[in-house]
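Below you'll find the structure, written out as C-alpha cells, and then a few comments.
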Amino acid sequence: MNVQGRLGESNGRLTLLLEPVTVNGGQMTLTLVGEHRLAGAGTSQESWEPRGPVELVRQTPQGPGAFRL
C-alpha cells in the first residue's frame, strides 16, 4: 500500500500521520510513546478495510549479519 505521511506534534509529543493513497481514504495516527515505540489507531471509511489499535516497535536486527550502532 502506498501512503503519504506527515510528522508533527500533538500534546507535546512527536506524531506521525499516515494516509493511504486510495480513493477510500482512512488514516493511521501514531504518537511517540517510548524511545523505540509509536502507538495509535487506524481509521477507515470502509468496513472491510483495516482499523483499530496500531503499535510500531523498533527491534534490534538478529542473525549472522546483525550489528548494533
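Values quoted throughout were computed directly from the atomic coordinates according to the rules given, and no laboratory measurement underlies them. For clarity, every value in this text was computed on a predicted model and none was experimentally measured. Because the Cβ atoms are built from the backbone with ideal geometry, glycine has one as well, and the counts that use them run over all protein chains shown.
Restricting attention to region 26-42, the residues that are of a type in the set (Val, Ile, Thr) and either over 15 Å from Gly5 (Cα atoms) or touching a Leu at 6+ places or on another chain (Cβ under 6 Å) (or both) total 2.
Filtering region 6-50 to residues that are buried (at least 16 other Cβ atoms within 10 Å of the Cβ) and in a loop (DSSP other than H, G, I, E, B) leaves Gly26, Ser44.
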